[in-house]
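Some notes on the structure that comes next.
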Amino acid sequence: MPETKPASPPTATIIPEGEHPIREQLLDREALKVLYRLRDAGFKGYLVGGGVRDLFLGKKPKDFDVSTDARPGELRRIFRNSRTIGRRFRLVQVFFHGNRIVEVSTLRSHSEGAENGEGDVLAANNTFGTLDEDAFRRDLTINALFYEIENHTVIDYVGGVADLNRGIIRMVGDPGLRFHHDPVRMLRAIRHAARTGFSIDPATFAALGEHASELMLCPPSRLRDEILKDLHSGASRAWAEQCMATPLWLTLFPFLGEGGKGRVREMRTMLLRMLAEIDRINQSGTEEKPVHMDDHFLFAVLLLPWAITAFDLPGAERLQGARFHELALALRQGVEECFGTPFNIQRMAKDRICVLLMQLPTLHHASAGGKPPRWLKGKSYYAECKRFYDLFQLGLGDRSAGIAAEDFVQPKAAERVVTVISAVETPSSRSHGRGSGTPVFSRQPGGVFGLCRKPAS
C-alpha cells in the first residue's frame, strides 16, 4: 500500500508533565542553554529523538539533540560558537566547554521520494517543514517524540508513547515503503529492539523479510559503519540474536551460513558467547576509564566462525613453512572476497584481521606446552593475539579463560592530546638527524603529517 502524506495536519497527543517521567533537571545543561536561547530569540526548540526516548525509559541519554523552526543561517547568527555540517541536510553543531556538542537541526518536511511510492533509494531530502511533518519522516515511532520546555510536555504525533509503554518497535508509516527508500532502516529497527529489549511490530517484522535483499543496495561503507555501531554498542549479542531471527543475517554475512545446519548452529553458539564477553567489556567502561575495542578486532570475532569452518582452524597439527604460507594466502583471499570488498574494509584492518586468525593455531598448539613460542612473544601483535585466543576459548565454553576489561581501557582524550603536543617540535629545537622521528600527527611548524622530529637534547 503506498504511503501518503496526510491531507491535513494530524492532531498531536500532548502528554502533560504529570503523566511522563521527563523532568527538566534531567536534561543536559548545554542542551537546556540551546533551548532557552532559541526561545529568547523568538523560535521554537524541542528535544528530539533518542534523548526523549531514553529519558522516558529512565536511562541517561548519550546525546541530546534539538530541533527547531529556525533555519541554519539563523542558528549561526544566534550561536556564534557553532558550525554547519552535512550535505543531504544541513545541521548546526553548537560547541561548549569540555568538548561538549549539541546538534541542532531545522524541522524537515515529509518529502521522501515520490508520494506514490516510486523513486530512488535514498531520495534527496533537503526541504524544511513543520513539527508534524518532521515527526512523520522519522524512522521509528519511539524516536519521533518531542519534548518542549515551556509547558514541560511530550508531543506525540505517531503513537510513540504508547509503543514505549508496550515495548514495541514500529516503523512510522508503511514499513515496506520506508525500507525501500532507505534499507539501512532495517538495521536500525533491529538495533533498537536489541538495545531496549522491545519486540518488533508484526508488520515491521514481516517487511524485514520481504526487503532484506535490498540491504546490499546500500554503499558498502555505510553498511560497515552501521555494523560497527552494533558491535561497539554493548548489546552486540542481542543484536546478533535479533538479526539471526531474520533474513538480514545471511544477507549481510552469507559466509556464516556455510557448513550445514548442525555446524552453523554450533558456530552461532560460539559467536554469541564471544559477543556476550565483548558486551561485558564494553559495558564496564566509565567516563574516567573508557573502554574501546579496535574495529579490526571485532571484525575478526565476527569472521572467526567462518574461518574455523572454511580452514579447519585451529587444526589438528601445527602448520609451518610452506603449508603455513599457503594457508595465509588462502585466508587473505577469503577475507577479501567475503568481507573486505562487500564492506569496504581498509587494507590495514584486513591485514590485522588475518594476523589474529592466522596466529590462532600457533597459540592453540602452544597452549599444550604451557607457553607460546619465543618468536611470537617478541611481536608487537602478541598481546592482541593472546586476547583473541582467550576470547576463542570462551566461545568454546572454557570459562577458565578470561579477558580483562583493563586491557581495552583507552587514555582520556585530553591525555592523548597532551601526549601528542608534548612531542611536537618547536622551531628553535629542530634537529636534522634522520634517526630521531616520532610518529605523531602534527600541524605545527617543524612537523609533517605523520612524522615529527624529536626536540634536540
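Couplings for segment 301-309, taken from phi via the Karplus curve 6.51 cos²θ - 1.76 cosθ + 1.60 with θ = phi - 60°, read 4, 5, 7, 4, x, 5, 5, 5, 6 Hz in order; Gly and Pro are left as x.
The simple spin-label model puts a point 7 Å past each Cα toward its Cβ; for Y382 and F95 those points are separated by 4.3 nm. Rounded, prolate or oblate: which one fits segment 271-382, using the alpha carbon gyration tensor with axes a ≥ b ≥ c (rounded when a/c is under 1.5, else prolate when a/b beats b/c, else oblate)? Oblate, because a/c is 1.5 or more while a/b does not exceed b/c.
Rg/Rh for segment 267-336 stands at 1.10; both radii use Cα atoms, and Rh follows the Kirkwood definition.
Within 10 Å, count the other beta carbons around each residue, average over each peptide in 77-87, 39-49, and list them highest first.
Details: 77-87: 13.1, 39-49: 18.7.
Per-residue mean Cβ counts within 10 Å order the peptides as 39-49, 77-87.
Rolling a 1.4 angstrom probe over the protein heavy atoms with all chains in place gives segment 124-190 an accessible area of 28 Å² per residue.
Cross-link partners for K44 among the aspartates and glutamates, with Cα-Cα distance under 12 Å and sequence neighbours closer than 8 places in the same chain left out: D69, E148, E150. What a 1.4 Å probe finds exposed on segment 220-324 is 49% carbon and sulfur by accessible area, rounded to a whole percent.
Wrap a convex hull around the Cα atoms of segment 160-261, take a quarter of its surface area, and give that in square nanometres. Result: a mean projected hull area of 6.8 nm². The length gained by stretching the chain between A162 and D40 to full extension, at 0.36 nm per residue less their Cα-Cα distance, is 40.7 nm. Could you check how many percent of all C-alpha pairs in segment 201-356 are farther apart than 23 Å? Roughly 43 percent, once rounded to a whole number.
Over all pairs of different C-alpha atoms, segment 248-304 has a mean inverse distance whose reciprocal, the Kirkwood radius, equals 12.9 Å.
The values are calculated or read from the model by the stated rules, or taken from the named source; none is laboratory data. Since this is a predicted model, take the numbers as computed values, not measurements. We place every Cβ from the backbone using ideal geometry, glycine too, and count neighbours over all the protein chains shown. The area values use the complete protein model at the heavy-atom level, side chains included, leaving out ligands, DNA and RNA. Shrake-Rupley method; radii C 1.70, N 1.55, O 1.52, S 1.80 Å.
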